[in-house]
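The structure appears below as structure tokens.
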Amino acid sequence: QFVTEFLLCPLRQNLISQGDFQRGMTSDGTSLASTLVQGVTLRLDISLSQPIRMDGMRIAEAMASLLGQHLRFDELHPAIEETMDGKEEETKVDQEKKPRKGRNRAIRRTRQVMIDPDAEYFTDESDSSSSHNGSSMNSSWGEEDSLEAYSLDDDEEDLRRVALPRTLQDCFAYLVAPDSDNLACDKQQAALMELARLVETKPFDLIDMTSTLVRVLLHLEDKFGLSMFADKKWECLLAFGIHAPLDTCVQLVEEMKGGVSLGTRLEALSIIAATAERLSVSPNLAQCSQTKNMTPASSGTTSTRLKIALGLREGNDKEVGGDVVTTSQAQAPVSKTRRWRQPRADPKTTTNNFGPIAAHMIYSLFALMASTKENASIWGGSTGERFLSEFIKTLSIMVDCASAYPSHAVSALATDLFELAWSFHDANSVEVRRSVLLAMATCMQMMPMDVLASNCRMWLPFLKESSMRDSDEECRKLSTIMMGSFADMSRRQLIE
């Protein structure tokens, strides 16, 4: 309202000329008249807020008066319109019945009487009819009291500067809005807020729009400093990975082939790994996990489920009597209280949705390495070593997620990953050696025993040397675990 009064003052006192209306006021050359007309239009489009509409009408009438035009809103002058109508009717009555002036005066007096619809009034009807009306009124009030109350929750959608997108094409149009658009920030925020929900509904054009939207989201930058930008972007990409995994994986692999930054490649790998983990577990368990909060920075660490399977749970190291003892951070206090045994919960079967598509997604990453192995911008230097370590870790997570699926392809995937990782066992980078040992330890449990035994003369001496002389503590620990696991597998094979 203060802005309205500020604009009405110069308009009503003729402090602005017609030349000032045509003068450009913004950087793009928009005139003052166009800016005011746009503001008036926005206020008139609001149907639920009467004061805002009234402000727009007042500005419009003041502008029209200054420009020499006549503009009048009936909604802004209701009392004046009713008075004018009364005068016209009175004029017609006077012209038709001039001699009967007394009756006209009586009519005028009658029209000036205001009747309160809620006031109590009496008629000439009998008392019985009045009592009947009173009982019917009480019954109507009782019916209204039995109705449910309206909800007072208001999403304030009518106050948004831009409407929420309803389709995937609307989200695409919002995300690619040019920077010159005054509503570009609001459009980007609205698209990020609604895109994941729209993808979960699986619209008919999901497959057609997946590649385009994944590419746009992957390269989307936070130009407006949105507080929720990183989380919402990750949520949208992960939604595409869950509901259209193959198309999303293919598009991410194609983007990693191009001239993109290391951060973009790591983000693409983290999306693929998180998709595999979410598809391999139940939806309720996935919502409780922290996979959806995974970022490219956190993707450098090993999957929590994979660490538990390999005996690499994180904990606090304490020195007791010269020995280092690892304790869990969430260790429960020791209690001697004897409790009643709780009833065992019924087991629930969970479908592994990643198993049927694991081979397609894993071998698409193998194809990426085969087609770009000569590209120094991807695999060369320190950035190449970092990307290679995360690349092998992502494959390890994917193979581990597919291990619970009953298929003979799992052993073939594990064998191929074992051979790929072994080819980098002598790398100088600690991160690469750590990822290689992690991949080998993951695949060892799924490979056929005859394949392991045929190649054990190559990698067993390497594991022995790595368990004693490697400079990295985690590499030494992984080597020791792999040697013990292979010994247990050999004993079981002999027993059988």
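The values are calculated or read from the model by the stated rules, or taken from the named source; none is laboratory data. All figures in this text were calculated on a predicted structure; none of them were measured in a lab. Positions of Cβ are backbone-derived with ideal geometry, glycine not excepted, and every protein chain shown enters the neighbour counts. Accessible surface is based on the protein model in full, side chains and every heavy atom, while ligands, DNA and RNA are left aside. Shrake-Rupley method; radii C 1.70, N 1.55, O 1.52, S 1.80 Å.
Give me the number: length gained by fully extending Gln69 to Leu460, i.e. 0.36 nm times residue separation minus the C-alpha to C-alpha distance, one decimal in nm.
Answer, rounded to one decimal: 131.3 nm.
Provide Rg and Dmax in Å for the stretch 375-445, with only Cα atoms included in the calculation.
According to the Cα coordinates of the stretch 375-445, Rg and Dmax are 12.6, 40 Å.
For the ranges 237-246, 205-214, what's the packing order if you count other beta-carbon atoms within 10 Å of each residue, average per peptide, and put the highest first?
Working: 237-246: 21.7, 205-214: 18.0.
Going from most to least packed, we get 237-246, 205-214.
Can you compute the modelled spin-label distance between Asn375 and Asn14, with each label point 7 Å from Cα toward Cβ, in nm?
Placing both labels 7 Å along Cα→Cβ, they lie 7.1 nm apart.
According to a simple spin-label model (label point 7 Å from Cα along Cα-to-Cβ), what is the distance in nm between Ile207 and Arg23?
If labels sit at Arg23 and Ile207, their model points lie 6.1 nm apart.
How much length, in nm to one decimal, is gained on full extension between Asn182 and Ala163, taken as 0.36 nm per residue of separation minus their Cα-Cα distance?
Details: separation 19, 0.36 × 19 = 6.84 nm, distance 1.44 nm.
Full extension of this stretch gives 5.4 nm more.
Where the centre of each part is set by its Cα atoms, how far does the stretch 452-486 sit from the stretch 232-285, in angstrom?
A separation of 32 Å, based on Cα centres.
With all distinct Cα pairs included, what does the Kirkwood hydrodynamic radius of the stretch 432-477 come out to in Å, to one decimal, could you say? Provide the component values of the computation, followed by the final result.
Numbers: mean 1/r = 0.0888 Å⁻¹.
Averaging 1/r across every pair of different Cα atoms and inverting gives 11.3 Å.
Would you work out which of Leu195, Leu226, Thr210 lies farthest towards the positive end of the dipole of the stretch 152-227? Charges go on Cβ: Lys and Arg +1, Asp and Glu -1.
Thr210
Just the Cα atoms of the stretch 406-496: what Rg and Dmax do they give in Å?
Just the Cα atoms of the stretch 406-496 yield Rg and Dmax of 13.0, 40 Å.
Per residue, how much accessible surface does the stretch 369-496 expose to a 1.4 Å probe? Answer in Å², no decimals. Mind showing how you got there, number by number?
Details: 6300 Å² over 128 residues.
In whole numbers, the stretch 369-496 has 49 Å² accessible per residue.
With a 1.4 Å probe and every protein chain left in place, tell me how much accessible area Arg160 has, in Å² to the nearest 10.
Accessible area of Arg160: about 110 Å².
Ignoring ligands and nucleic acids, what accessible area does Met483 show with a 1.4 Å probe (Å², nearest 10)?
Its heavy atoms expose roughly 60 Å² to the probe.
Note the full-extension length gain between Met193 and Ala367 as 0.36 nm times their separation in residues minus their Cα-Cα distance, in nm to one decimal.
Between Met193 and Ala367, full extension yields 59.2 nm more.
Defining a contact as two alpha carbons under 8 Å apart and six or more residues distant in sequence, what relative contact order in percent does the stretch 421-491 show?
Answer for the stretch 421-491 is 28 percent.
Listed here are the pairs Lys257/Lys477; Lys233/Lys477; Lys187/Lys233; which of them are more than 25 Å apart at the Cα?
Over 25 Å apart, Cα to Cα: Lys257/Lys477; Lys233/Lys477.
Let me spell out the model: positive unit charges on the Cβ of Lys and Arg, negative unit charges on the Cβ of Asp and Glu, origin at the Cα centre of the stretch 179-264. What dipole size does that give, in debye rounded to 20?
Computed charge dipole of the stretch 179-264: roughly 140 debye.
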